[in-house]
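> My questions will all concern the structure given below.
The values are calculated or read from the model by the stated rules, or taken from the named source; none is laboratory data. All of these numbers come straight from a predicted model, not from anything done at the bench. So basically every Cβ, Gly included, is an ideal-geometry build from the backbone, and we count neighbours across all protein chains shown.
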Ligand SMILES: CC(C)(COP(=O)(O)OP(=O)(O)OC[C@H]1O[C@@H](n2cnc3c(N)ncnc32)[C@H](O)[C@@H]1OP(=O)(O)O)[C@@H](O)C(=O)NCCC(=O)NCCS
């Protein structure tokens, strides 16, 4: 899904991700259509950059991508909600996500899902804007207890 360019370095990154998954530091989620992967994201649950956590128990969602033919039917939203569920189960209260500055479409989408911009960074990882929101499960809990009416 990431294309064939720099395949070897992608493989090295993925090997590291799967190693961290074995250690419980992050998890890879895939959306499946009849046995074929059509979308993915990774969610980091531990060992998060303190600037991204920003004093909160945040999980960090990254590397979200949906196969072009399966876009705009809710696959990304389903993946983000599944990540939220996993984060909440690990005691995380917030979801953070990093977006490349030029990716206005993704930023608009996350804003629609209630993510708000809180941090920016410009370093070797790129020019990123960070957005966050409470895990979706916190909202459901408040609604159940009547706090949101
Ligand atoms: C950004 C990305 C992950 C979104 O994936 P997606 O599965 O299309 O996202 P969703 O379907 O959940 O939502 C996208 C749009 O579809 C709409 N949608 C959701 N369900 C729908 C449905 N059943 N019918 C029609 N539209 C629907 C959403 O309202 C949203 O509308 P908008 O674009 O007008 O805001 C995808 O475009 C992608 O892979 N882009 C390239 C990689 C990338 O930019 N990743 C983000 C890195 S931070």
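> Scan the range 97-110 and report the pairs whose first residue is free of Cβ contacts under 8 Å to residues at least 60 places away in the same chain and farther than 18 Å from residue 71 by Cα and whose second residue is in a strand (DSSP E or B) and within 7 Å of the ligand (Cβ to nearest atom), with Cβ atoms within less than 9 Å and a gap of 6+ or a chain change.
97/64
> Answer yes or no as to whether residue 90 is touching a residue at least 24 places away in the same chain (Cβ under 8 Å) and more than 16 Å from the ligand (Cβ to nearest atom).
For residue 90, the condition - touching a residue at least 24 places away in the same chain (Cβ under 8 Å) and more than 16 Å from the ligand (Cβ to nearest atom) - is met.
> Ok, one more. Name, by its number, the condition in (1) within 16 Å of the ligand (Cβ to nearest atom); (2) surrounded by 14 or more Cβ atoms within 10 Å (Cβ to Cβ); (3) over 22 Å from residue 108 (Cα atoms); (4) touching a residue at least 12 places away in the same chain (Cβ under 8 Å) that does not hold for residue 10.
Condition not satisfied by residue 10: (4).
> Continuing with the same structure: Just checking: which of the strands (runs of 3 or more DSSP E) contained wholly in the range 69-148 hold 2 or more residues that are closer than 27 Å to residue 33 by Cβ?
Ranges flagged: 94-100.
> Between 111, 76, 83, 106, which is at pLDDT 95 or above, surrounded by fewer than 15 Cβ atoms within 10 Å (Cβ to Cβ) and within 14 Å of the ligand (Cβ to nearest atom)?
111
> Let me ask something else about it. Residues in the range 65-72: is at least one touching a helix residue (DSSP H, G or I) at 6+ places or on another chain (Cβ under 6 Å) and within 13 Å of the ligand (Cβ to nearest atom)?
yes
> Considering only residues that are in contact with a helix residue (DSSP H, G or I) (Cβ under 9 Å, 6 or more places away or on another chain) and surrounded by fewer than 16 Cβ atoms within 10 Å (Cβ to Cβ), which ones fall in the range 45-56?
The answer is 46, 47.
> Also, I was wondering about something else. If you go through the range 22-44 one residue at a time, how many are farther than 18 Å from residue 97 by Cα and surrounded by 14 or more Cβ atoms within 10 Å (Cβ to Cβ)?
Here the count works out to 2.
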